[in-house]
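Remarks on the structure that follows.
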Amino acid sequence: TKKPVIAIDGFSSTGKSSISKIIAKKLGLIHMDTGALYRGVTYFALQNCTDENRNIDIQKLITNLSQVKLEFQNIDGELQLFLNGKNINREIRFPQVSDNVSQVAKEADVRNYLLKTQRDIAEKGGVIMDGRDIGTVVLPNADYKFFMTASQDERARRRFLELELAGEKTDIETVKQNLISRDKIDSEREVSPLKQADDAILIDNTNINKEETIGLILSSIKKF
Ligand code: C5P
């Protein structure tokens with residue numbers, strides 16, 4: 001039978017991407033982290049479309065969107081993001097990108113621009129895609145939909161440890177403020193806000209670890 005299409009949405013730092021990556025390996029699916037695309041556009045904007053105060057000029061970005069050529073390349077089994085031919089997989093995790101990405105992602109033109117890239121990948125099936133609006137907007141007919149949440153404190157703690165491991169200098173309060181601010185903008189925006197699809201399975205992993213979360217997801221996926 002055909003390989004499934006799986007949509008995983010939810011709040012920042014609930015482990016969507018790392019969990020999706022492991023499930024993709026286990027089930028032989030392609031994993032696409034759609035947040036990387038929004039981060040890629042934001043990285044482009046920070047380099048090319050800023051005003052005199054070095055803030056992103058959204059109008060300038062929208063005028064220049066067609067110059068933003070994002071593509072994923074499979075490097076050692078992992079999809080890495082390239083912007084106009086340059087690998088930007090590391091750069092898109094920089095705090096400056098995290099601080100600005102939700103402002104960019106709330107623009108309808110930006111979302112439309114990235115829609116085709118996301119849908120094309122899912123067309124042949126066999127994909128697990130994580131983001132904010134995959135089950136609601138990008139792939140409403142996905143075979144399986146999950147929505148992940150966890151407490152803000154727990155998410156801040158996880159994100160902080162991750163950044164620390166990556167050698168970024170930050171503190172937990174700053175990380176928490178970024179999470180809160182992104183949650184708010186992502187949930188309240190007009191286009192494709194972050195929300196649970198009616199037919200998505202809710203997973204709150206505040207008190208369960210990664211392996212248990214993966215177990216929960218795998219237990220609802222039928223053999224194919
Ligand atoms: O998943 P990640 O935290 O890397 O996503 C970064 C930002 O990209 C989110 O905070 C959100 O503003 C935006 N995003 C989105 N829709 C998606 C995936 C990400 O709006 N499907």
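Bear in mind that the values in this text are calculations on the coordinates, not laboratory data. Source: prediction; values computed, not measured. Reconstructed Cβ throughout: ideal geometry from the backbone, glycine too, with neighbour counts over all protein chains shown.
Some observations on this one:
- As a summary of the residue check, Ile30 satisfies the conditions (1) loosely packed, with under 14 Cβ neighbours inside 10 Å; (2) β-branched (Val, Ile, Thr); (3) within 28 Å of Ile221 (Cα to Cα) except for the one numbered (1).
- Taking every residue in the stretch 99-115 that is over 14 Å from Asp183 (Cβ atoms) and without any contact (Cβ under 8 Å) to a residue 40 or more places away in the chain and pairing it with any residue that is in a loop (DSSP other than H, G, I, E, B) and among the aliphatic types (A, V, I, L, M), at least 6 positions away or on another chain, the pairs with Cβ-Cβ distances below 9 Å are Asn112/Val191.
- Matching residues, the stretch 64-89, being β-branched (Val, Ile, Thr) and within 16 Å of the ligand (Cβ to nearest atom): Val68, Ile88
- Condition check for Leu61: within 30 Å of Gln177 (Cβ to Cβ), more than 13 Å from the ligand (Cβ to nearest atom) and either of a type in the set (A, V, I, L, M, F, W, C) or in contact with a helix residue (DSSP H, G or I) (Cβ under 9 Å, 6 or more places away or on another chain) (or both): yes
- Taking the stretch 90-185 as the region of interest, the helices (runs of 4 or more DSSP H) fully inside it that hold 2 or more residues being surrounded by 15 or more Cβ atoms within 10 Å (Cβ to Cβ) and within 9 Å of the ligand (Cβ to nearest atom) are 95-105, 108-122.
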